[in-house]
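Notes follow once the structure below has been shown.
The values are calculated or read from the model by the stated rules, or taken from the named source; none is laboratory data. Quick caveat, the model's predicted, so the values are computed rather than measured. Cβ sites come from the backbone with ideal geometry, for glycine too, and all protein chains shown count toward neighbours. Only protein heavy atoms, including side chains, enter the accessible area calculation; ligands, DNA and RNA are left aside. Shrake-Rupley method; radii C 1.70, N 1.55, O 1.52, S 1.80 Å.
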Amino acid sequence: MGMTIAQKILKAHLVDGEMVQGQEIGLKIDQTLTQDATGTMAYLQFEAMGVDQVRTERSVAYIDHNTLQSGFENADDHKYIGSVAKKHGIYYSKAGNGICHQVHLERFGAPGKTLIGSDSHTPTGGGIGMLAFGAGGLDVAVAMGGGAYYIPMPKMVRVNLTGKLSPWVSAKDVILDVLRQMTVKGGVGKIVEYAGEGVKTLSVPERATITNMGAELGATTSIFPSDEETRKFLEAQGRGDVWVELSSDPDAIYDEEYTVDLSALEPLAAMPHMPDNVKKVSEIGNIKVSQCCIGSCTNSSYYDMMKVASILRGKTVHPDVSLTISPGSKQVFNMLAQNGALADIIAAGARILECACGPCIGMGQSPESGGVSLRTFNRNFEGRSGTQDAQIYLVSPEVAAASALAGVLTDPRTLGDMPEIKMPEHFVINDNMIVKPAENPAEVEVVRGPNIKPFPLGKALEASYSGKVVLKTGDNITTDHILPAGAKLLPYRSNVPYYSNYCFINVDPEFPARCREQGGGIIVGGANYGQGSSREHAALVPLYLGVKAVLCKSFARIHKANLVNSGILPLTFADPTDYDAIQLLDDISLPNVLEEVKNGGQVTVVCGDRAFKADCEVSDRQRGALLAGGTLNYAKKNAQ
Ligand code: MIC
Ligand code: SF4
C-alpha cells in the first residue's frame with residue numbers, strides 16, 4: 001500500500017509502537033527548538049534529567065518572545081537559557097536574531113527530518129517537508145535527552161490545491177480558507193498534507209505560512225512535499241546539501257480530503273475572536289481601522305516584507321492608523337536594509353519593531369479600547385492583544401498594508417497591478433547572532449537569577465479523590481484563557497507561584513483565590529479545551545493551585561499531553577449531556593479513581609447526588625505517568 005509523506009517520515013523515525021491509527025507511537029527526534037517563554041521550564045526539566053549533552057542532531061534555543069526586558073526578569077531568563085545552552089550542546093539564537101520558526105526554517109530545518117519545539121507553531125517547518133510538532137517543554141526536554149516523542153498515530157488529511165493564486169491573493173488566504181472549511185477543531189488528531197498541481201505555484205515562505213497556521217486547525221502537524229521549490233530555497237540559504245525529494249505515493253490513502261481552488265480565492269479575514277471565523281474582505285466592507293500589525297511567525301518572511309514595502313513605496317500611512325512592522329529574522333531585516341525596501345517602509349511612516357514576536361503575544365502595541373486592529377498573525381483570541389475589548393482581524397500582509405494606507409479595511413485588488421516579488425537567488429547569510437555550544441562544557445557555569453523558581457511536581461494518584469468544581473467553562477477554551485501572556489505576565493514564566501495569581505483571570509478572576517480556599521479541585525470544560533499554544537504553564541499552574549483533574553467534552557492535543565506530563569487527570573464525559581447538570585462549587589468525587597485508571601477502565605464521577613462515567617483515554621505510558629503524579633516522577637520511578 002502506498003504511503004503519505006507523513007507516514008514515510010513517521011516510519012523512518014518509529015522507535016516504539018505500531019502505526020495503527022489512534023495507538024500511541026514513539027518517534028526519534030532529529031532536531032528540537034525552544035523559545036524563551038517556554039524555554040526556561042524546558043531547560044529546568046532537562047537539567048533535572050541529568051543528561052550532560054543533548055543527543056539530537058541539532059537543538060536550538062531561541063530568544064524571541066520576552067524581549068521587552070522591562071525589569072530584570074526577562075534578562076535573567078535569557079542569561080539562564082544562554083548558559084544552559086552553552087553547557088549542554090545547544091545552539092543559542094540571541095534576542096534580535098528573529099522568531100524561532102522563521103530562523104529555524106532559514107538556517108536549520110531540513111526535509112524528511114523530525115523536529116519538536118516548545119511552541120505550537122513549530123509545524124512551520126512543514127513548509128520545507130519537515131515533520132515538525134509543537135510540544136510541551138517536558139516533551140522537548142525528553143527529546144533533547146535522546147528519548148522518544150509520543151503521539152497518537154494521526155489520521156491523514158489531504159488538501160488538494162488546484163489552480164493558481166490570483167493577483168493580491170496570498171498564502172494567508174489559503175490557510176484562512178482551510179480554517180473556514182475545517183474549523184479550529186477540525187484538525188485534532190490529524191496530519192494535514194498539501195498536494196496537487198497548485199503546490200508548485202507556491203514558494204517556501206508561502207507554504208510555511210500555511211503549515212504555520214495549521215496549528216489553528218488543532219492539527220498534529222501540516223506538511224508540504226519537498227520539491228524543486230524547496231531545493232531552490234535551501235540552496236539560496238546555502239544549505240542545498242540537506243535537500244531530499246519527498247512526495248506521497250500515488251496510491252496513498254487519506255482519511256479525509258479537502259480542495260482549495262487557488263484561482264477562486266479572494267482576500268479573506270478571520271473576524272474577532274476566532275481564527276476560523278472567516279469572511280471575504282469584500283463582504284466585511286470598509287470598516288475603520290486604527291492599527292495594522294505586520295509580522296509574526298506566520299507572515300514575516302523576506303517575501304512578505306518585500307510585498308509590503310512595494311505597497312507602501314512613495315505613500316503615507318493614514319493619519320488615524322498605527323502601522324507596525326516586525327521582520328521575522330535578522331536575515332530578513334538585513335536584506336530589506338540592503339536593498340532599500342526598509343527605507344520605503346520607514347518613509348511611509350511605519351513603526352519598525354524588533355525581529356521578535358512582539359504584538360502577536362501582547363508584548364506591546366495593545367490597541368486602544370474597542371480599537372480595530374488588522375494583524376497578519378495567527379491568533380485573534382479575545383484579549384490576547386492586551387486590550388480586552390479590541391477587535392482583532394487576521395489578514396494577509398497585502399490586506400494589512402493596503403488598509404494601513406486607506407484607514408479602512410481594504411481589498412488590495414483595488415490597488416491596480418500587483419508588484420511582482422521574486423525570491424532571491426541568495427539570501428544574505430550571517431549567523432553571528434547564533435552562539436555555538438561551548439567546546440569545554442565543564443567550564444560553563446549555569447546562571448540562575450532570582451526570577452527562576454523551581455517548577456511544581458505532581459503527587460502520585462491516591463485511591464479516591466473528592467473536592468469541588470472550581471471552574472466551569474464553555475467550548476474552545478484557549479491556553480490564553482487559562483494563562484494569559486502579554487507584557488505584564490510573560491516575564492513570570494519562570495516563576496509559577498507568581499504566575500498562578502493570574503490563572504483564568506479573564507474568565508473568572510476569583511479562580512486562583514477559590515482554588516486556594518478549596519485546596520484545589522476539578523475544572524469542568526466544554527469541547528476543544530486547551531486549544532492554542534503549547535505553554536505547559538497552562539498545566540503547571542493549575543497543578544500548583546491544586547487542580548487534580550480536568551473533566552471536559554474534548555481536549556486539544558498538546559494541552560492534554562501537558563496535563564498528563566504534570567499528573568493532572570484528563571477526563572472526558574462518556575455522555576456529554578452530563579456536562580449540563582454540573583454547577584460551580586458542586587461537590588465532586590472520583591471514589592475509585594486509582595483502581596479505574598490503573599485498569600484502564602472508565603472513571604466513576606459522583607457530582608452532587610448523580611453518578612456518571614468519564615473516559616480517561618491515555619496510552620499505557622501515560623497511564624504510568626498519571627499514577628506516578630507526572631512524567632518526571634514516572635521517569636524517576638522507572639530509573640530506580
Ligand atoms: C503563542 O503564540 O501563543 C506562543 C506564545 O508562541 C505559545 C507559546 C507560549 O505560550 O510560550 C505557543 O504558541 O505555543
Ligand atoms: Fe511568536 Fe506569535 Fe508565533 Fe507565537 S504565534 S511564536 S507569539 S510570533
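Observations
Quick grid of which residues meet (1) among the hydroxyl-bearing types (S, T, Y); (2) surrounded by fewer than 20 Cβ atoms within 10 Å (Cβ to Cβ); (3) within 27 Å of V184 (Cα to Cα):
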| residue | (1), (2), (3) |
| --- | --- |
| D255 | no, yes, yes |
| V278 | no, no, yes |
| G285 | no, yes, yes |
| T298 | yes, no, yes |
| S301 | yes, no, yes |
| T316 | yes, yes, no |
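- Among the residues of region 118-142, those identified as of a type outside the set (V, I, T), part of a helix (DSSP H, G or I) and within 16 Å of ligand 1 (Cβ to nearest atom) are P123, G125, G126, G137, L138, D139, A141.
- Any chance Y80 is in a helix (DSSP H, G or I) and among the aromatic types (F, W, Y): yes
- Boolean, L585 is assigned to a helix (DSSP H, G or I), touching a residue at least 12 places away in the same chain (Cβ under 8 Å) and open to solvent by 10 Å² or more (accessible area, probe 1.4 Å): no
- Remark: P424 falls outside the filter, which requires a residue to be modelled with pLDDT under 95, within 25 Å of A356 (Cβ to Cβ) and surrounded by fewer than 17 Cβ atoms within 10 Å (Cβ to Cβ).
- Flag if M49 is among the hydrophobic types (A, V, I, L, M, F, W, C) and open to solvent by 50 Å² or more (accessible area, probe 1.4 Å): yes
- From G112, G147, residue being open to solvent by 10 Å² or more (accessible area, probe 1.4 Å), without any contact (Cβ under 8 Å) to a residue 40 or more places away in the chain and in a loop (DSSP other than H, G, I, E, B): G147
- Restricting region 475-533 to residues that are aliphatic (A, V, I, L, M), more than 16 Å from ligand 2 (Cβ to nearest atom) and not in a strand (DSSP E or B), the residue that is surrounded by the most Cβ atoms within 10 Å (Cβ to Cβ): I477
- Count of region 508-537 residues which are of a type in the set (D, E) and touching a residue at least 40 places away in the same chain (Cβ under 8 Å): 1
- Flag if D320 is in a helix (DSSP H, G or I), charged (D, E, K, R) and touching a Lys or Arg at 6+ places or on another chain (Cβ under 8 Å): no
- Of the residues contained in region 241-248, none is found to be more than 27 Å from the chain's Cα centre (by Cα), β-branched (V, I, T), at pLDDT 95 or above and open to solvent by 60 Å² or more (accessible area, probe 1.4 Å).
- Candidate set from region 19-46 (those that are in a loop (DSSP other than H, G, I, E, B) and touching a helix residue (DSSP H, G or I) at 6+ places or on another chain (Cβ under 7 Å)); member that is farthest from ligand 1 (Cβ to nearest atom): M19
- Set side by side, the residues A402, A356 differ, and just one is within 16 Å of ligand 2 (Cβ to nearest atom) and surrounded by 15 or more Cβ atoms within 10 Å (Cβ to Cβ), which is A356.
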